[in-house]
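The values are calculated or read from the model by the stated rules, or taken from the named source; none is laboratory data. On a predicted model such as this, the values are computed, not experimentally measured, just so you know. Glycine also receives a Cβ, built like all others from the backbone with ideal geometry; neighbour counts cover every protein chain displayed.
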Amino acid sequence: MHELNVKLLQDLQALAETGSLYKAAERRHITHPAFGRRIRALEEWAGTPLVERGHQSTTLTPAGKTLLASAHEVLSILEQTHSLLQRPRRARDETITIAAGRTLSHTVLPASIAAIKQAMPHLCWKVITTSLDYGVDMLLQGKVDLLLCHAQPSIESSLQGHDLTYLPVGQDTLIPVSIPLVAQLPKYALPGHGGGPLVPFLSYAQSMSLGKILRSHIHALCDTSRLRTVCEADLADSLHAMVHQGLGLAWLPQTLVQSDLAQGRLARAAGADKDVPLHVRLYKRTTEQTKPLTSKVWSSLENLYGRSQRS
């Protein structure tokens with residue numbers, strides 16, 4: 001007895017729809033004799049005639065019609081199952097995964113995604129918020145398609161030797177702020193060089209890119225020996241809330257504090273000469289290492305931000 005093959009059920013469907021062995025064979029892209037042998041193999045499996053072979057047309061016997069009904073159901077179930085099994089892979093192919101710092105994930109990133117959505121409305125984004133070091137590792141290992149981070153010397157050294165491309169996609173500024181003592185006068189002012197009381201300082205965690213950037217500038221901005229670290233956090237929003245509680249001063253992104261400064265809820269702890277510029281970049285691996293969808297998205301990003309550069 002022949003084993004039942006899915007192709008034989010598809011042959012039966014083609015025969016029922018065309019009513020001709022010749023036309024069914026043509027549809028199935030095989031010769032007429034080979035198609036005839038496959039129908040006979042199906043009849044052998046069924047143990048009964050399935051086809052009435054006429055001079056002008058070929059029709060199904062009652063047994064053939066019964067098997068045809070089951071064939072429709074079986075093939076439909078198999079097609080649905082195949083689609084279900086392919087869904088995770090298809091979802092990966094239609095999704096862009098991006099690693100981003102916790103602050104950038106709700107400042108710069110939403111605007112970039114919104115802009116791309118206009119050109120590619122069906123694109124799905126998966127955002128992974130993480131530290132800079134883990135984000136770099138995920139990009140280099142191919143676990144994410146893109147990396148959004150602040151530009152700084154430490155990341156340049158981490159990425160050196162890897163064939164990466166980047167786009168400058170935004171900028172911000174770290175501003176030293178405090179709650180006001182009176183209007184526009186900070187409770188905690190940034191200490192200059194020359195002695196004085198210790199000033200409570202709210203610091204970024206070592207792993208944060210904002211912390212690394214600030215530490216590379218801070219010795220030139222103030223007398224750090226007069227800063228007393230009272231808290232360290234890995235989220236700018238946490239430091240923002242602590243500043244509002246009057247726990248100390250902190251350098252916070254302008255995007256977080258501009259409304260606070262405008263409405264007097266916070267005050268500058270120093271002049272604009274103590275600000276730290278921030279530049280935001282989006283990185284990807286080479287075209288050969290990325291999937292086609294990433295390259296397509298990157299082209300749209302270049303239309304928004306200009307030509308990409310090699311790191």
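Descriptive notes on the structure:
- Test for residue 256: is it surrounded by 20 or more Cβ atoms within 10 Å (Cβ to Cβ) and of a type in the set (A, V, I, L, M): yes
- Selected residue (only one of 274, 212 is farther than 30 Å from residue 141 by Cα and not hydrophobic (A, V, I, L, M, F, W, C)): 274
- Here residue 152 fulfils each of the conditions (1) under 19 Å from residue 105 (Cα atoms); (2) touching a residue at least 24 places away in the same chain (Cβ under 8 Å); (3) out of contact with any Cys (no Cβ under 9 Å at 6 or more places or on another chain); (4) not assigned by TED's automatic domain parsing to the domain that holds residue 98 apart from (4).
- Selection status of residue 102, assigned to a helix (DSSP H, G or I), modelled with pLDDT under 90, under 17 Å from the mean Cα position of the chain (by Cα) and more than 22 Å from residue 302 (Cβ to Cβ): no
- Residue check, residue 151 among the small types (Gly, Ala, Ser) and in contact with a strand residue (DSSP E or B) (Cβ under 6 Å, 6 or more places away or on another chain): yes
- Scanning the stretch 203-213 for residues that are surrounded by fewer than 20 Cβ atoms within 10 Å (Cβ to Cβ) and among the aliphatic types (A, V, I, L, M) gives a single hit, 205.
- Residues within the stretch 277-311 that are closer than 21 Å to residue 140 by Cα and small (Gly, Ala, Ser), tallied: 4
- Scanning the stretch 187-222 for residues being touching a Leu at 6+ places or on another chain (Cβ under 9 Å), over 10 Å from residue 251 (Cβ atoms) and modelled with pLDDT of 90 or more gives a total of 8.
- Check on residue 238, under 19 Å from residue 200 (Cα atoms), polar (S, T, N, Q) and in a helix (DSSP H, G or I): yes
- Criterion violated by residue 37 - all others in (1) closer than 30 Å to residue 170 by Cβ; (2) at pLDDT 90 or above; (3) part of a helix (DSSP H, G or I) satisfied: (1)
- Single unsatisfied condition, residue 273 versus (1) under 19 Å from residue 216 (Cβ atoms); (2) within 31 Å of the chain's Cα centre (by Cα); (3) assigned to a helix (DSSP H, G or I): (2)
- Restricting attention to the stretch 214-229, the residues being in contact (Cβ under 8 Å) with a residue 40 or more places away in the chain and surrounded by 14 or more Cβ atoms within 10 Å (Cβ to Cβ) number 4.
- Test: residue 158 is within 24 Å of residue 133 (Cβ to Cβ), in contact with a helix residue (DSSP H, G or I) (Cβ under 6 Å, 6 or more places away or on another chain), at pLDDT below 90 and in the same structural domain as residue 108 (by TED's automatic domain parsing): yes
- Pairs meeting the criteria (first residue in the stretch 156-171 and within 28 Å of residue 256 (Cβ to Cβ), second residue of a type in the set (Asp, Glu) and modelled with pLDDT under 85, beta carbons under 9 Å, at least 6 apart or on different chains) are 158/133.
- The set of residues in the stretch 1-34 that are among the hydroxyl-bearing types (Ser, Thr, Tyr) and in a helix (DSSP H, G or I) comprises 18, 22.
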